[in-house]
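Asks: Here's a structure for you.
The values are calculated or read from the model by the stated rules, or taken from the named source; none is laboratory data. Values in this document were obtained by computation on a predicted structure and should not be read as measured data. Neighbour counts run over all protein chains shown; Cβ positions are idealised from the backbone, glycine included.
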């Protein structure tokens, strides 16, 4: 039985693959941020009229740490009171589910084709 030797990939193809993977990784990480779909909260849930450490719910140790970082109660107001927004769009959720299912089907199809090619190279038809 002949030993299987996989096909060789050229240097240009390898470089292209790496560039595509890097672009896809950067895109997956930063596009949601650029589109405003992810990241820190943008609004303050309940603003406080007079910003003091006590009104912001900070104890003496927490206040000292904020002051060590250069914050005052006024400048830390939005930072402390901002909350994450957990709302989502049903259309976006369904679109994401569709993309994931399509990706899964695509990977299964490509894997089946490659598996059949390897079997036919190794054992013949």
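Asks: With (1) at negative phi; (2) not assigned by TED's automatic domain parsing to the domain that holds residue 45 as the list, and residue 82 as the residue in question, which single condition is left unmet?
Replies: (2)
Residue-by-condition table, conditions (1) more than 19 Å from residue 89 (Cα to Cα); (2) in contact with a strand residue (DSSP E or B) (Cβ under 9 Å, 6 or more places away or on another chain); (3) in a loop (DSSP other than H, G, I, E, B); (4) assigned by TED's automatic domain parsing to the domain that holds residue 92:
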residue: 30; (1), (2), (3), (4): yes, no, no, no
residue: 33; (1), (2), (3), (4): no, no, no, no
residue: 46; (1), (2), (3), (4): yes, no, yes, no
residue: 50; (1), (2), (3), (4): yes, no, yes, no
residue: 53; (1), (2), (3), (4): yes, no, yes, no
residue: 62; (1), (2), (3), (4): yes, no, no, no
residue: 66; (1), (2), (3), (4): yes, no, no, no
residue: 70; (1), (2), (3), (4): yes, no, yes, no
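Asks: Which condition breaks for residue 86 when tested against (1) farther than 30 Å from residue 4 by Cβ; (2) surrounded by 10 or more Cβ atoms within 10 Å (Cβ to Cβ); (3) within 25 Å of the chain's Cα centre (by Cα)?
Replies: (2)
Asks: Restricting to region 72-104, count the residues that are touching a strand residue (DSSP E or B) at 6+ places or on another chain (Cβ under 7 Å) and in a helix (DSSP H, G or I).
Replies: 2
Asks: Just need a number here: residues in region 55-64 that are closer than 17 Å to residue 81 by Cβ and surrounded by 11 or more Cβ atoms within 10 Å (Cβ to Cβ).
Replies: Looking only at that region, the number is 5.
Asks: Kindly indicate which of 43, 25 is over 30 Å from residue 118 (Cα atoms) and surrounded by 10 or more Cβ atoms within 10 Å (Cβ to Cβ).
Replies: 43
Asks: Which of the following residues is free of Cβ contacts under 8 Å to residues at least 40 places away in the same chain, surrounded by 10 or more Cβ atoms within 10 Å (Cβ to Cβ) and under 30 Å from residue 7 (Cβ atoms): 81, 94, 106?
Replies: 106
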